[in-house]
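S.K.: To start, I am sharing the structure in question, which I have written as structure tokens.
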Amino acid sequence: MNKRHNDPQHEGASTIWGGRFASGPAAIMEEINASIGFDKRFSAQDIQGSIAHAEMLVAQGVLSAEDGKAIRLGLEQIDAEIRDGSFKFSRALEDIHMNVESRLSELIGDAAGRLHTARSRNDQVATDFKLWVRGALDSVDDSLTQLISALVEQAEKNAEVVMPGFTHLQTAQPVTLGHHLLAYVEMFGRDLGRFRDCRARMNECPLGAAALAGTSFPIDRHKTAAALGFDRPAANSLDAVSDRDFALEFLSAMSICATHFSRLAEEFVIWTSAQFNYVKLSDAFTTGSSIMPQKRNPDAAELVRAKAGRIIGDLNALLIVMKGLPLAYGKDMQEDKEPVFDAVDSLGLCIAATAGMVRDMQANPEAMRASLKDGFPTATDLADWLVRAIGMPFRRAHHVTGTIVKLAEDKGCGIEALSLADMQAVEPKIHEGVFEVLTVEASVSSRTSYGGTAPANVREQVARARERFLG
């Protein structure tokens, strides 16, 4: 016999929750139904929306001026109580809306009950959520702009520092560190565009859609939309209360942005390793080992790299919640907030940590330059020279260059160390001019096509980046 069934501690208890819910199903229902533990983050937005709604009702003659004034003063007091920490949140009241309304009733009596005229918790929570997301978008925009500024400053500082450019993590061609960092400026610049597009598209007000069908009261939805900084009211009441595209789009933009942070974090992990030693980070962004005293671990970068998985998971969670919901509102939508809150918190840490690492990083030009001795990074320059100098078709030049690279490989040297006779044994038309293009510095300086790695280009792109993203 299973002893657990004879244990008096388990008699009458839920098989799922154990002894935690002594009162049975009612307590379980309260646990699954309550959202105040997380939606109290909406308190400022909930009060803001309620004040706008009350003022509209007064203007429309639905609510008396006396009640409107009492409601406003009561809501302002509640806002102050929440801010100073004296407000008592109750799980029994389920959510932020009922917590605020209950306290308002204590403060002003029956007038509090009139506030809910011509609205529902369905349009109320959609409005609160949009206001919160809009504020989060503005915050992300500000902090991402600061990160771009840090990258631009480092790119300008390192406009002439040469390093290997990689494909397949194999040495490909020489580039400059400034050029490499500007690639991330472009990535994060696109992220800024996505966040701004998201903000513009979501800026329609759900308030006044009520439960799903609108209301028979003579409300002015344009007035509340304007008061809350929206461009217009949401056009369809069913869509207004059931739409969570704005949250999905925000999560999608955050997920793409997080992949960019993860890629840059991976660069920091590689670059700070002893094997590369391209960059150093101070103790502010690294940690030691509990057993190996020589270690300096890039923990900040590794944690940023990991956050991408968490943020992408948040997007997946909400996509799966929303994928099968018929119109209009379903309680499933209570699960919309925590993924967004978690992703915003995680992305905020990514931005702050990465901006800190970018400002903190100290490049090691000598190590970057030394690693260019391997991998024949100027092979493409040789092929291009064969095309320009002696008119060879590129496919033929590619083959000739490959043969010369093999010769250098057999001799254990770089192609710039081969003699003219060595190269003429492969292609007799090669002359002394070839050596002018085989240095790393000559290679990067020659890449003057728009968007190329030449130091002069980097400085021009730095100036353009300041105009595009920081102006």
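S.K.: Report, to the nearest 10°, how far helix 177-202 tilts away from the longest principal axis of the Cα atoms in the chain, using its own Cα long axis and a range of 0 to 90°.
M.R.: For 177-202 against the chain, the angle is about 20 degrees.
S.K.: To continue, here is another question. Averaged over all directions, how much area does the convex hull of the C-alpha atoms of the stretch 351-471 cover when projected, in nm²?
M.R.: Projected over every direction and averaged, the Cα hull of the stretch 351-471 covers 10.0 nm².
S.K.: Let me ask something else about it. Taking only Cα atoms, what is the 0 to 90° angle, nearest 10, from helix 455-465's long axis to the longest principal axis of the chain?
M.R.: 10 degrees
S.K.: Is there a quick way to get the dipole size of the stretch 125-256? I mean about its Cα centre, with the Cβ of Lys and Arg at +1 and of Asp and Glu at -1; what is the value in debye to the nearest 20?
M.R.: Using Cβ point charges on Lys, Arg, Asp and Glu, the stretch 125-256 gives about 280 debye.
S.K.: How much space per residue, in cubic angstrom, does the convex hull of the C-alpha atoms of the stretch 318-418 take up?
M.R.: Each residue corresponds to 250 Å³ of Cα convex hull volume.
S.K.: Kindly identify the stretch 142-206 as rounded, prolate or oblate by the Cα gyration tensor criterion: order the square roots of the eigenvalues as a ≥ b ≥ c, call it rounded if a/c is under 1.5, otherwise compare a/b with b/c, prolate if a/b is larger, else oblate.
M.R.: Working: a/c = 5.52, a/b = 2.27, b/c = 2.44.
Taking the square roots of the gyration eigenvalues as a ≥ b ≥ c, the stretch 142-206 is oblate.
S.K.: Between Rg and the Kirkwood Rh of the stretch 216-341, both from Cα atoms, what is the Rg to Rh ratio?
M.R.: With Rh from the inverse mean 1/r over Cα pairs, Rg/Rh is 1.22.
S.K.: So what is Rg over Rh here for the chain, counting just Cα atoms and using Kirkwood for Rh?
M.R.: Ratio value, two decimals: 1.15.
S.K.: Please compute the alpha carbon radius of gyration of the stretch 99-225, then divide it by the globular-protein estimate 2.2 N^0.38 Å. Two decimals is fine.
M.R.: 1.79
S.K.: Nearest 10 degrees, 0 to 90: what angle lies between the long axis of helix 379-390 and the longest principal axis of the chain (Cα atoms)?
M.R.: For helix 379-390, the angle is close to 60 degrees.
S.K.: How big is the antiparallel share of DSSP beta bridges in the chain, given as a percent to the nearest 5?
M.R.: In the chain, DSSP labels about 85 percent of beta bridges as antiparallel.
S.K.: May I ask you to list the chymotrypsin sites (Phe, Trp or Tyr not before Pro) in the stretch 158-196 that are in a DSSP loop and have at most 10 other Cβ atoms within 10 Å of their Cβ?
M.R.: Nothing satisfies the criteria.
S.K.: So, with +1 on the Cβ of K and R and -1 on the Cβ of D and E, and no other charges, what is the size of the charge dipole of the stretch 360-421 about its Cα centre, to the nearest 20 debye? Intermediate values should be presented prior to the final figure.
M.R.: Values: 7 positive and 8 negative charges, 74 e Å.
Taking the Cα centre of the stretch 360-421 as origin, the dipole is about 360 debye.
S.K.: How big is the charge dipole of the stretch 173-227 about its Cα centre, in debye rounded to the nearest 20, if each Lys and Arg gets +1 on its Cβ and each Asp and Glu gets -1 on its Cβ?
M.R.: Magnitude of the dipole: close to 100 debye.
S.K.: Given the C-alpha centroids of the stretch 124-148 and the stretch 329-365, what is the distance between them in whole angstrom?
M.R.: Using only Cα atoms to place each centre, the spacing works out to 12 Å.
S.K.: Still on this structure, I have one more. Could you name the lysines in cross-link range of residue 157, using Cα to Cα under 22 Å and dropping any fewer than eight places away on the same chain?
M.R.: 280
S.K.: Which residue, chosen from 324, 445, 357, occupies the Cα position most advanced towards the positive end of the dipole of the stretch 323-452, where the dipole is computed from +1 (Lys, Arg) and -1 (Asp, Glu) charges on Cβ about the Cα centre?
M.R.: Value computed over the given set: 445.
S.K.: Right, something else. For every helix of n ≥ 4 consecutive DSSP H residues, a contribution of -39,500 (n - 2.57) applies; sum these over the chain, divide by its total residues, and give [θ] at 222 nm rounded to the nearest 500 deg cm²/dmol.
M.R.: -19000 deg cm²/dmol
S.K.: Among the chymotrypsin sites (Phe, Trp or Tyr not before Pro) within the stretch 371-466, which fall in a DSSP loop and have no more than 15 other Cβ atoms within 10 Å of their own Cβ?
M.R.: Within the stretch 371-466, the qualifying chymotrypsin sites (Phe, Trp or Tyr not before Pro) (loop, at most 15 other Cβ atoms within 10 Å) are 450.
S.K.: Right, next: If you roll a 1.4 Å probe over the heavy atoms of the protein chains, what accessible area per residue do you get for the chain, in Å²?
M.R.: About 48 Å² of surface per residue is accessible.
S.K.: For the chain, which whole percent of the accessible surface, found with a 1.4 angstrom probe, sits on carbon and sulfur atoms?
M.R.: Carbon and sulfur: 52 percent of the exposed surface of the chain.
The values are calculated or read from the model by the stated rules, or taken from the named source; none is laboratory data. Note that the coordinates shown come from a computational prediction; the quantities given were computed from them, not determined experimentally. Ideal geometry is used to build each Cβ from the backbone, glycine not excepted, and the neighbour counts take in all protein chains shown. Just the protein is used for accessible areas: all its heavy atoms, side chains included, with ligands, DNA and RNA removed. Shrake-Rupley method; radii C 1.70, N 1.55, O 1.52, S 1.80 Å.
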